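Undergrad: Before I ask anything, let me first share the structure, which is written out below as structure tokens.
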Amino acid sequence: MSHLFYQTSQRRPVLDQARGVYMWDVDGKRYLDGSSGAMVCNIGHSNEHVLYAMRRQMEKSTFGYRLHFETEASEELAAKTAALCPEGMNKVFFVSGGSEAVESAIKLARQHALAVGQANRWKIISRSPSYHGCTLGALAITGYAPLTEHFAPMMREMPKIPAPRAYLDGLDPDDPATGAHYAAMLEAEIIAQGPDTVLAFVVEPVGGASTGALVPPVGYMEAVQDICRRYGVLLILDEVMTGAGRTGRFLALEHWGLSPDIVVLSKGFAAGYVPLGAIVARDDLVRAVMEGGGFLHGFTYAGNPLACAAGAAVIDEIARLGLVRNAEVMGAALRTRLDSLMTRHPIIGDVRGKGLLLAFEFMADRDSKAPLPARLNAHQRLVDITYELGLIVYSRRTRDGVAGDHIMVCPPLIVTEQHLDEITDTLDAALT
Ligand code: PMP
């Protein structure tokens, strides 16, 4: 009998080892990690350079409380991270995961408002569907009812605008008018809420698990940045899933040349080697908070030297192995293969994504975009079959079926064409 409990009572194989893109269970069965866990293990499993850096750090110290000690590892990781962010974004605060990072971004934004005499700014606009984490603050800005509704009124729901799902609304994502149309929803919401009460807009630059790799329409990201600036609303990019090379740029914001106020990182940032997350903020924003009395926030394990040493080694490996470029090249190759699966399997209604953040969505009918009936549980059935066949993919279904069933196909950024063939052949067999 197991003493553990999880989200569901469904049992999974027991993990034994993982190397590169493969994982083995205790019975010796091999799986290709087609989703990098939950889009985490970007540099692959058991990377020797990262393990070496961790071992070296472990032998020196594994913990130093952040209010007692600075550490070389955290200074090094902060410098490496800042160097990869837009000009002026050079203040880094470490945490132990994505939800903690989102909480930290919200609290930093709020403390900034207080520091600059804008105490009435507290509302945070986000999108629906969206996912920003499972802590109560992050849930309040998450637009995903199946996860949030059970906890009301413990948390105060924040205003949401629709995510720009052009493919469901019959709009052309390559037409700038489409981007402008969805961005206008942000401006309308800011005005409806009262512009001087709105603190921030939080957005996943490419949608993650809640939307299934939703790429914004042309012009959308630039337009929301302009709107935020015009109304004095902080722009917070949740790059927990998109960061660390996943979309074919180190940060997804590079696709649009954005310059936000705060960027949120986790997942691929330490690539599954340790729990680690970070926020990176504009220098002047942090300075104002510090002059206003400091950042009243922090977690016990945050910035511990072991996590930071692993994080720094992961950044080095991303550069050494050319993984950002590989994500772009292999992403395009995988996209072509998924498109061809779509031509053979009418159940696939849409293929989308950027770099190696890719997904396909099941539909009952491609033209009307009607989702499959929830009772079919198609996404779970596909996952069960691919498991049998030795491939792990990540699936989601919103309860109301609005986003339908989707499968994220997001292997580690170290994949080769041969791995892509294995993924596609297995998916083809499972779909058949
Ligand atoms: N933001 C985004 C965009 C995410 O995808 C996730 C995790 N799926 C989180 C935040 C929360 O991260 P964590 O699970 O590490 O708390």
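Each value in this text was obtained by applying a stated rule to the coordinates, not by laboratory testing. Values in this document were obtained by computation on a predicted structure and should not be read as measured data. When we count neighbours, we look across all protein chains shown, and the Cβ atoms used for this are built from the backbone with ideal geometry, even at glycine.
Undergrad: Sorted from largest down, what three extents in whole angstroms do the Cα atoms of the chain have along their principal axes?
TA: Ordered largest first, the chain gives principal extents of 61, 55, 44 Å.
Undergrad: Relative to the Cα centre, what is the charge dipole magnitude of the stretch 41-169, using +1 at the beta carbon of each Lys and Arg, -1 at the beta carbon of each Asp and Glu, and rounding to the nearest 20 debye?
TA: Dipole about the Cα centre, nearest 20: 380 debye.
Undergrad: Return the long-range amide H neighbours of Leu391 (sequence gap of 5 or more, or a different chain), with a cut-off of under 5 Å between placed amide H atoms.
TA: Leu32
Undergrad: Okay, moving on. What number comes out for the charge environment of Arg19, summing +1 per Lys or Arg and -1 per Asp or Glu over other residues with Cβ under 13 Å away?
TA: -2
Undergrad: Which of Leu168, Leu51 has the fewest other C-beta atoms within 10 Å, and how do the rest follow up to the most?
TA: Sorted ascending by nearby Cβ count, the order is Leu51, Leu168.
Undergrad: Sorted from fewest to most neighbouring beta carbons within 10 Å, what does the list Ser2, Ser395 look like?
TA: Result, fewest neighbours first: Ser2, Ser395.
Undergrad: How many nm is it between the label spots at Asn120 and Ser2, if each spot is 7 Å from the Cα in line with the beta carbon?
TA: Rounded to a tenth, the inter-label distance reads 5.2 nm.
Undergrad: So if R0 is 41 Å, what FRET efficiency would Glu291 and Phe151 give, r being the distance between their Cβ atoms, rounded to the nearest 0.05?
TA: Once rounded, the FRET efficiency stands at 0.70.
Undergrad: Something else now. Rounded to the nearest 0.05, what FRET efficiency do Ser46 and Gln418 give with R0 = 25 Å and r taken as the Cβ-Cβ distance? Could you check?
TA: The value I calculate is 0.85.
Undergrad: For a quick check: sort Phe295, Phe93 by the number of other beta carbons within 10 angstrom, fewest at the front.
TA: On the way: Phe295 18, Phe93 22.
Starting with the residue having the fewest Cβ neighbours, the order is Phe295, Phe93.
Undergrad: Expressed in nm², what is the orientationally averaged projection area of the convex hull enclosing the Cα positions of the stretch 125-219?
TA: 6.2
Undergrad: Which residue, chosen from Phe295, Tyr273, Ala309, occupies the Cα position most advanced towards the positive end of the dipole of the stretch 263-388, where the dipole is computed from +1 (Lys, Arg) and -1 (Asp, Glu) charges on Cβ about the Cα centre?
TA: Comparing the listed Cα positions along the dipole, Tyr273 ranks first.
Undergrad: Can you order the peptides 216-228, 25-37 by their average number of other Cβ atoms within 10 Å per residue, highest first?
TA: 216-228, 25-37
Undergrad: Ok, one more. Give me the aspartates and glutamates in straight-line cross-link reach of Lys123: C-alpha distance below 15 Å, same-chain residues under 8 apart excluded.
TA: Straight-distance partners of Lys123: Glu103, Glu157, Glu187, Glu189, Asp196.
Undergrad: Report the FRET efficiency, 1/(1 + (r/R0)^6), for Arg30 and Ile191, where r is their Cβ-Cβ distance and R0 is 45 Å, rounded to 0.05.
TA: Values: r = 55 Å, r/R0 = 1.23.
Computed FRET efficiency for Arg30 and Ile191 comes out at 0.25.
Undergrad: Quick one: length gained pulling Leu15 to Asp339 fully straight, 0.36 nm per residue minus the C-alpha distance?
TA: 113.5 nm
Undergrad: Obtain the nm distance between the two label points defined at Leu136 and Ala370 by a simple spin-label model: each point lies 7 Å from its Cα along the Cα-to-C-beta direction.
TA: Each label point lies 7 Å from its Cα, and together they span 4.3 nm.
Undergrad: Calculate how many DSSP beta bridges within the stretch 51-320 are antiparallel, expressed in % of all such bridges and rounded to the nearest 5.
TA: Bridges in the stretch 51-320 that DSSP calls antiparallel: roughly 45 percent.
Undergrad: Per the helix-only calculation at 222 nm, which mean residue ellipticity applies to the chain, given -39500 (n - 2.57) for every DSSP H run of n ≥ 4 and division by its residues, nearest 500 deg cm²/dmol?
TA: About -11500 deg cm²/dmol.
Undergrad: Any idea what the dipole of the chain comes to, in debye rounded to 20, about its Cα centre with Lys/Arg Cβ at +1 and Asp/Glu Cβ at -1?
TA: Values: 40 positive and 49 negative charges, 142 e Å.
Taking the Cα centre of the chain as origin, the dipole is about 680 debye.
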